[in-house]
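Nothing in this text is a laboratory measurement; each read-out follows from the coordinates by a stated rule. Computed from a predicted structure; not experimentally measured. Here the Cβ is made from the backbone with ideal geometry for all residues, glycine too, and neighbour counts use every protein chain on show.
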Amino acid sequence: MRHLLSAALLALPTWLGAAESPQSVGPDLTRTFPYSMVGQLLFQSGNGLYGGSGTVIRPSSALTAGHNLYDFNNGWSTGVVFRRALSGNTALSRQPARRIYVLAGYRESLGRFGAEDARSFANDLGGIVFAGPAAGGAAVDTSADTTLLTGATANLALGYGAEFHPGDELLAVSPKTAFQPVTGAFFLNRSLSFEAGMSGGPVLARNSRGQWRVSGVVVAGSNEPVSGGIRAVDAQAVQFIRQYLR
Amino acid sequence: MTHLKPHPGFWIGLLCAAIVLWLWPRDKSALPAEKPELPPSTAPAASAPAPSIKLAGAAPTAPVQTPALFQKIEAFFLKLQKGQATESELSALRQQLFTANPKLAIQAILQFLGTNRDAATGAEFALGPGGLLQNAPTLRVALMDWLGKIARDSRLPEAAAFARSVLNSKTSPEEWAVSLRNVAWQDPQSGAFLSVKLREMLLDSDWRKNPSAGFLESLDVAVFVKDPQWVGPLASLLRDPQPSLQRAAAVALDRLSEAAPLAVMTYLNAHPETSAERPLVRADYFAKADLSQPLHRETVETYLDRADVSLREKEKFLQGLATPASFVSDNLLTTSQPAPEGPGRRMGLEQTVRGWIQSSRFPALRPALEKVLAAEEP
């Protein structure tokens, strides 16, 4: 299990087994709600340029994985830019982060248990705030109902994978089975795989009224055994979003 | 539930508890629970060491009648010992204590704490909003948490007095964490005392070897006291063999630099060796500056003038200045507040950067400064 940062130009061949693997949704769907709320997150950490993903969950804010925003050795990421609904060379909007938050304290600090420990992933959530609305005021709401992940509801994970794809197209993958809670807010699914670069992307589900909701954030992946890990949106995450993201 | 190693102070505590219970006036204990009164046990309990000890099967040391609230704690303790207590019963006990007459609730809690008995709850130490515990690992820790809240809400001094007595002997990091908080709540001027106690915690090799949640959360004391003298010790913890302590210290340093930006920047300029091995992280501490404030601006200029600071570090500082970043969490003593992001800070940044460009103050940084300015323009 590892984080899913994609170093620029990284491309590694691998065999992904029988699990569902991310596929391009195509340019049309990329620009259709709720897909259009997802974007690529570019940022610098140390001397490296990285790509991750994020989702507009409040008019002027995006939710992403905490490890996209902070690293123990290099501190806060810089040059954080969100390219919403990127497809090829064009994005529907391109906005730099004006404010960064990571939901973690002394105990839950990222990497406390090591970069590859599930307990670290359980505390891997962050948010960025823009100077103004990222999608004309539109956003995908979040849901702290984790039964949307563990029940019979279909899930859809999205992000800008750059491991086996070029990184400039939105990828989607749906698990064959439900997510399983591992520890805290970290949930795992062995019926799908994620690509590096999808970190921070949303796991979407439809609620009982048929509305799309962000139920989790892609934070980890493993090729052996194949599995995808997410940080579920729970009550703590919802509180964080309400209080700090606008 | 696990058995804990008996603390040397246990026998003293047990003796004190026996004395307290034996001395307890039977006629007073028979009074209705509503009648407010302070127990004679307050002083002995406060002065007794408070080891976190579970006495399997131990019975109260004196056959005396006790007030209703104490009996409720006692009953819950016995159930907890047998592994029969539920979370809802713990919540119910807390509710009963919170809604009772504060003096009686404090009296009952102190009386139980004075017995030095304890039992594990099976939960991990976890903080909730406002520094209150969401989960307590033992009944004693839960009671100390509730004691602190009741005493603070009713402006009674017993919690701090008891907390200071706990901090006289090494009980457990969790008991210390809650006690540090209770002292701070009661006495906001207790910074020096709290710093001394945090130092004691960090010097305890046993506690430091396997830092528990309470131990790590106690680092919030350094942020609470806003003392830049903590920068050095925290920076040295970044090299600790324990990754959890490294990470917690990194969060504490970042939050301290946010809470006291000028003091931390001044300290770092005066101690160039501090954090020198992590230059990009040091840049983050300076990035908390508010350039609309003249002293911040002067201190930042000193930093940017430093020959020992690399161009890359200075560039990162400038980028961070334009995009403030913060950790958000429920903490023991401090709150996570968004850094001031009003127009004043942004305007100060823009004006200062523009001034530096116009006066060619930092020629090597000109491209980075222009980038900051371009990002600030609407």
Cβ neighbours within 10 Å from other chains - mean over B:275-283: 3
Shape call, the stretch B:176-317: gyration tensor on alpha carbons, a/c limit 1.5: oblate
Cβ-derived FRET efficiency at R0 56 Å, B:Arg366 paired with B:Ala126, nearest 0.05: 0.70
Sites matching trypsin sites (Lys or Arg not before Pro) across the stretch B:226-258 that sit in DSSP coil, with at most 15 neighbouring C-beta atoms within 10 Å: B:Lys226, B:Arg239
Selection from A:Ser215, A:Ala135, A:Asn123, by position along the positive dipole direction of chain A (Cβ): A:Ala135
Full-stretch length increase - B:His271, B:Glu200 - with 0.36 nm per residue and alpha-carbon distance subtracted: 23.2 nm
Where labels lie 7 Å past Cα in the beta-carbon direction, separation of A:Glu224 and B:Gln337 in nm: 5.2 nm
Cross-link table B:Lys82/B:Lys149; B:Lys72/B:Lys149; B:Lys72/B:Lys170; B:Lys79/B:Lys103, entries beyond 22 Å C-alpha to C-alpha: B:Lys82/B:Lys149; B:Lys72/B:Lys170; B:Lys79/B:Lys103
Per-residue mean of C-beta atoms belonging to partner chains within 10 Å, peptide B:215-224: 2
Point-to-point label distance, B:Leu78-A:Gln23, nm (Cα→Cβ direction, 7 Å offset): 6.6 nm
Cβ-placed point charges (K, R +1; D, E -1), dipole of the stretch A:147-246 about Cα centre in debye, nearest 20: 560 debye
When the convex hull of its Cα atoms is projected in every direction, mean area for the stretch A:27-80 (nm²): 4.1 nm²
Inter-chain Cβ neighbour average for residues B:240-250, partner chain, 10 Å: 5
